[in-house]
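Please treat every number below as a calculation from the coordinates, not as lab data. Keep in mind that this is a model prediction, so the values were computed, not measured. Glycine gets a Cβ as well: all are built from the backbone with ideal geometry, and neighbour counts include every protein chain shown.
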Protein chains: 2
Amino acid sequence: MATIQDISASAAINILSVLGFLMGFAFLRLQPVNDRVYFAKWYRKGIRESPRSTGAVKNIVNLDWKTYVMFWTWMPAALRMPEPELTDHAGLDSVAYIRIYLLGLKIFVPIAILAFAVLVPVNWTGNTLDKNRDLTYSDIDKLSISNVPSGSLRFVAHVIMAYLFTFWTCYVLYKEYEIVTIKRVRFIAAEKRRPDQFTVLVRSIPPDTDESVSEHVEHFFCVNHPGHYLQHQVIYNANQLAMLVEELNSLRNWLTYYETCYQRNPKTRPTTKTGKWGLYGKTVDAIDFHKAEIERVLKEEAAEREKVMSDPKSIVPAAFVSFRSRWGAAVCAQTQQSRDPVLWVTEWAPEPRDVYWDNLAIPYVQLAVNRLIIAVAMFFLTFFFMIPIAFVQSLASIDGIERVFPFLKPVIEMDRLKPVIQGFLPGIALKIFMAVLPLILMAMSKIEGHTSLSTLDRRTAGKYHFFILVNVFFGSIVTGAAFQQLHKFINQSASEIPKTVGVAIPMKATFFITYIMVDGWSGIAVEVLRVVPLILFHLKNTFLVKTDKDREQATDPGCITFHITEPRAQLYFLLGLVYAAVTPLILPFIISYFAFSYTIYRHQIINVYDQKYETAAAFWPDVHRRIITGLMISQILLLGLLSTKTIGKSIPLILLILPVLTFWFHHFCKGRFESAFLKFPLQEATIKDTLERATDPKLNLKAYLQDAYVHPVFKGVDMEEPPTVEEEDKSSIVSTKRTTNRTSQSNSRSTSSSLRPEIVDESPPSV
Amino acid sequence: MATIQDISASAAINILSVLGFLMGFAFLRLQPVNDRVYFAKWYRKGIRESPRSTGAVKNIVNLDWKTYVMFWTWMPAALRMPEPELTDHAGLDSVAYIRIYLLGLKIFVPIAILAFAVLVPVNWTGNTLDKNRDLTYSDIDKLSISNVPSGSLRFVAHVIMAYLFTFWTCYVLYKEYEIVTIKRVRFIAAEKRRPDQFTVLVRSIPPDTDESVSEHVEHFFCVNHPGHYLQHQVIYNANQLAMLVEELNSLRNWLTYYETCYQRNPKTRPTTKTGKWGLYGKTVDAIDFHKAEIERVLKEEAAEREKVMSDPKSIVPAAFVSFRSRWGAAVCAQTQQSRDPVLWVTEWAPEPRDVYWDNLAIPYVQLAVNRLIIAVAMFFLTFFFMIPIAFVQSLASIDGIERVFPFLKPVIEMDRLKPVIQGFLPGIALKIFMAVLPLILMAMSKIEGHTSLSTLDRRTAGKYHFFILVNVFFGSIVTGAAFQQLHKFINQSASEIPKTVGVAIPMKATFFITYIMVDGWSGIAVEVLRVVPLILFHLKNTFLVKTDKDREQATDPGCITFHITEPRAQLYFLLGLVYAAVTPLILPFIISYFAFSYTIYRHQIINVYDQKYETAAAFWPDVHRRIITGLMISQILLLGLLSTKTIGKSIPLILLILPVLTFWFHHFCKGRFESAFLKFPLQEATIKDTLERATDPKLNLKAYLQDAYVHPVFKGVDMEEPPTVEEEDKSSIVSTKRTTNRTSQSNSRSTSSSLRPEIVDESPPSV
């Protein structure tokens, strides 16, 4: 068991490394060359321009010593922007996201004060560990519940505290849910006109022998929503086309790269190999080869575009249907249309940037089958992922590598490399797995058939949370791989499980303190540095960038990776709740994690991140539910722990009330607030409609919605960066070539009577 | 263990008693005096008249011997009416209800054939029990899985059969769900104009300082459903008034009774006591006393009526809002109205007969609290009901009674009575409890705050099903009271529970066979006799009936007691599924139960029952879900049983797939069909609206809906028998005084511009 000295040493090391990261960040962000990476959001908004071009800083390296002295100012600056302004600046998703960390502070600061005031003295004076001199223990354990003798009356304090902690947590959760709900309602009420307010996504349109999909949709909605239906937009299956467009972009980038190389070194023409990624095949002249390739793919793309536009089979049985008013759309999205509930399924259209186009065509039965498969796969991934990892690890011994790749033998056998590889190999398979896990989970969510990026993020977060819960939390407490735990749990009685886990909890406190420092603190510190985008930017800047427009595209502002960071934050909520009544010493570490995260993410949201979509905090019910889950786990584990330490059954029985009450609280909150996140009240719709009729009576809604929901490949813009909706409002500020280009394009198109993506065909992608 | 002889003897006794009941029924139903009891439905419909008044039969006792010879003809007659005609005659609820028993036949007949063809030979030739001569066993056990030696390969047959049974059950369930859904959709599409098609129940109307509830509702819906809102009906809290009206009816009945007594025996005037139920207090002249009492209550009622009408506090924050079209109502019922999801909560209005008026005023928070309380109470009722019963039983010994009621001592101590009381007492507390259990559960459902009788029935059925599952099914298999089982289960591992229960299952086969005969067969046979309504009818007929109208009211046609009979039928589904692969011998008994029930209920539905409401089979998703639950329980128990009997883990693992697939099947069906039972598709609404506009363009909807949703006490009709909606359509056939009376009343009222229940006040209740 680690002593206070061990923990202090570890904390010191971690604090130093975090400070190192922060110093590095402070230095890097002051260099003008990195300006676009660390202030990406402002560039994206068109408000900030390069310090060199404005003349503020002349040199490549910032030599102004004053700015270095003030390097820490970004922290208070990040905290200073008031929340309404932040909502305007970055959207409600971002604001609600950082409120998760704020919620952590709100929950745990009072709990920590209470725990240190009451539980620490109670535990410290328990004096059990002093008496049992044969046990190894540390001062940390003397602060924990382990120091209280079995059967002591002192446990009443822990029970009372458990009640107080639960009530406080529920109170804060309720208040926060209420605040976020009000913010959401206000945000939606204050939103500008957006195409998704008028639009509904219709899926599973039944085939009709006499009519095309488009005619069928029009007739159906003209009949069933008379007076409200405005127009619709059929959806083409352009997945193949999108892949070709992407290939084209990649080829053009490589061409630019080779041309730049040739310009800088005109003596030798660059060469490449014809195989995939230039790894194998015949060596040819790179510039000529890529030009030929571009020519070839351009033809393919044109053919595919022709095919998609002309072949009725490439129209998927789904459509975006727009209404004359928000009221009409709200009605259609919330009601059932057809006698058969799996036909004409309607839901709110995601905003255009948020649409996940690949999944729009999946029929109901296949969806159900896919979800079954993914649920089973998720079960096996969570509980049995160690089996393939262990297999790879056994292969990943030096002998294994030499067997599979004999040609590597001379390299590996080098005296210096061998010990490094030996020490490094066993862990690497697991590390790689953990790194790609979010990608795997995201792929699984995609198979489930969700139609928007935001839903994909939320579902992936749910899966990741489950994985972390089983493999990090329970996996660390009950040693052994997850499937061994599962086996143990199945063969153990329902009342024994909480006991087994509960008893192990106090012993793992030091492990989790270290985990919080290494994974939590340092993870956040690394986030602020943005190493990968920084390197990528400089690489692109050197080899690809020719114009200002290129440079703008070379910066990847990134966004909140909700599906990765939220489940991780949930682990700290869980740890805090579980250890609050057991080993309160862990709480300061968790509080500093939340405070640090809050500051960093606030800074990143203000200066860097550019969200891909805006859902007005639609993820909050998930966050709320997961914290409630953590609270219930903590209650049951405390129950298990205390039932082994107390005499009689009264204390466990008193604690049994807590999970029941918490579960009820969850249902109460669900009924009270959740529908604000799922439905759009007609009252709001009416208010917005009335307001709009008053302020803008001559609005041509048809023209406005004309091509809001066209697949991005038909819009002639980069696939990775779907058009932002507010472009019209911003075009006065940002006047790059691309935006004007796009605006004029959409204007020209809106004059044509029906949507004709062929028009896009005539002007090839401008990227 | 019971032998085949024992079972045969028991079966013979039960069959004889069932035949006795049927003979009794055949005799009684042919007596003209009982005609109104056994053909209540036809009288209610006005199609049948008393055989004596029509002159078909002259005598009080039927002396026509031919009718006795043909006594069994009611059975084929009951089966003969085709289903569409039956739907017209009795409604879809009734038709769907008897389809539950038909579903039982569809599931179990093929399963029984397969089981007898494959499993019985496999088990019979297992020869384990012959070898273990020290075990007591019977021929029945030789037919069961117990006869197969442990580790035998024969278990493969059971596993294959379990798969086949599951697939067959799921197939039949799917088909049946589909049929019922189609029937429901067609039924709703074919329905005549009904007030509830245009009406939505709005609850939790927020208080407004400036406006009355009525104005507030009108303004809200005028703004948020412009062009669709028609009118609304505020709801008065008339619970107190309804109680007074009921008391008045009761007093009037007693007055009639005493007057009849006096007429028949003019020598002595009847007397009564002034206390409750005439049990204690001063002895007075009964006729004068009741006349005075009626006078008093009439005054109270008038005062209360005055108070309800004038006091704004007696208007509850709920209203029935009607729309100009079904489309408008469908939209309002399915959408969220207000920013705050717990205000302006809308749902389809139940049909007027179906409204449970007492619960309309409960606010959201209280609802949530009530549901928590009821959930906890339900848990304790299910698992700990034996504790008070055991307490009462201990009191109910002869000594106990003598202690509590010493004055009874001389009676009890009589030599003849003592042994009877001793044998009778211990069981009686449990019997009484089981008899009143449905009432207790119904009271609990009422506290939960559901707004319609049909929902109350469905929720009560759910609770009763859970109780039967725990206390009858598991309680019979695992001996000991439910809370002891619960304790055992909590302290047993998750994999041990199915083993413990599974192993006990084959041993309980004979018990359940007897149970099916005693509870199932005889229970149904008693149902057809209608003993209680028969006696009540004759009592009322003798003492209360003066006019034809009174006689009509004296008949209680009854209705399907869904909340009692459906959970009981579910037990037989469960038993059939559990024993299909274990002891197939039980299947013929279950099949005969379903066949018998099907015939009897079909007969009752045709001739007797008069449903209180019509929900178009809204209960089917519950039925489906409970059968699926039974199927999953059967799979898990078979898994537990086989894992103790087979070597290795392959067979249990193969069986583990079944519950997963079944669960997925449940979700699939839910998504596929359930919304047809919850929502009303706009397509249907449009079709019906269009049709109506074409056929009846001059319809005055406002007049039609004027007083559809007035509390029955304001309608001036008997509380226990709310007005049927189809009265207008039927008034040509039935021309009793009451109906004309009511129709003219409603006509006179519909001419007034707004609903004025005071009008009702002027004409006192006509009953």
Query raised in the report: In peptide B:488-501, how many Cβ atoms from other protein chains are near each Cβ within 10 Å, on average?
Result: 3
Query raised in the report: So for the pair A:L408, B:K291, with labels modelled 7 Å out along Cα→Cβ, what separation do we get in nm?
Result: 11.1 nm
Report summary line: Ranked output for segments A:164-174, B:540-550 by mean other Cβ atoms within 10 Å, highest leading, reads A:164-174, B:540-550
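Inside 10 Å of the C-beta atoms of A:674-681, what's the mean count of C-beta atoms belonging to other chains?
Mean partner shielding for this stretch: 4.
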**Report entry** Euclidean distance between Cα centres, segment A:671-685 to segment A:197-228, Å
**Finding:** 25 Å
Query raised in the report: Local charge sum around A:P352 (other residues, Cβ-Cβ under 9 Å, Lys/Arg +1, Asp/Glu -1)?
Result: -1
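Considering only DSSP states other than H, G, I, E and B, which GluC sites (Glu not before Pro) in segment B:162-259 qualify as loop sites with at most 13 other Cβ atoms within 10 Å?
Those satisfying the criteria are B:E211.
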Report task. Provide the gained length on full extension for the span B:A494 to B:T644, in nm with one decimal, where the gain is 0.36 nm per separating residue minus the Cα-Cα distance. Result -> 52.5 nm
Query raised in the report: Given R₀ = 30 Å, FRET efficiency for B:V518-B:T3 by Cβ-Cβ distance, to 0.05?
Result: 0.95
**Report entry** Mean Cβ count within 10 Å, highest first, over the residues of peptides B:379-388, B:565-574
**Finding:** B:565-574, B:379-388
Query raised in the report: Arranged from highest to lowest average of other beta-carbon atoms within 10 Å per residue, in what order do the peptides A:264-274, A:451-461 appear?
Result: A:451-461, A:264-274
Query raised in the report: Taking the Cα-to-Cβ direction at B:V120 and at A:D210 and moving 7 Å from each Cα, how far apart do the two end points lie in nm?
Result: 5.6 nm
Report task. In nm to one decimal, list the spacings between the A:A595 label point and its equivalents in the other copies, with label points set 7 Å along Cα to Cβ, shortest first. Result -> 8.0
Query raised in the report: How about B:K418: which lysines have a C-alpha closer than 16 Å to its C-alpha, ignoring those fewer than 8 places off in the same chain?
Result: B:K409
Query raised in the report: Efficiency by 1/(1 + (r/R0)^6): what FRET value for B:I428 and B:V526, r their Cβ-Cβ distance, R0 = 22 Å, to the nearest 0.05?
Result: 0.70
Query - Candidates per trypsin sites (Lys or Arg not before Pro) in segment A:634-681, loop by DSSP, up to 14 other Cβ within 10 Å - result: A:K649
Requested in this report: Place a label point 7 angstrom from the Cα of A:L536 along the Cα-to-Cβ direction, then list the residues of segment A:241-267 whose backbone nitrogen is under 17 Å away.
Outcome: A:246-247, A:249-251, A:253-254
Query raised in the report: In angstroms, what radius of gyration and Dmax does segment A:468-578 have, counting Cα atoms only?
Result: 21.2, 68
Requested in this report: With label points built 7 Å along Cα→Cβ from the Cα atoms of B:R154 and B:F384, find their separation and express it in nm.
Outcome: 4.7 nm
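Can you give the extra length, in nm with one decimal, that the chain gains between B:H89 and B:W72 once fully stretched, where that is 0.36 nm per residue apart less the Cα-Cα distance?
3.9 nm
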Query raised in the report: What gaps in nm, shortest first, separate B:T283 from its twins in the other copies when you place the label 7 Å past Cα toward the beta carbon?
Result: 12.9
Query raised in the report: Quick one: net charge of A:F665's neighbours, Cβ under 12 Å, K/R +1, D/E -1?
Result: +3
**Report entry** Cβ-vector label at 7 Å, B:K45, separations to other copies in nm
**Finding:** 7.4
Query raised in the report: What length, rounded to one decimal in nm, is gained on full extension from B:M81 through to B:R48, with 0.36 nm per residue of separation minus their alpha-carbon distance?
Result: 10.2 nm
Report summary line: Here the whole-number average of other chain Cβ atoms within 10 Å per Cβ of A:371-377 is 3
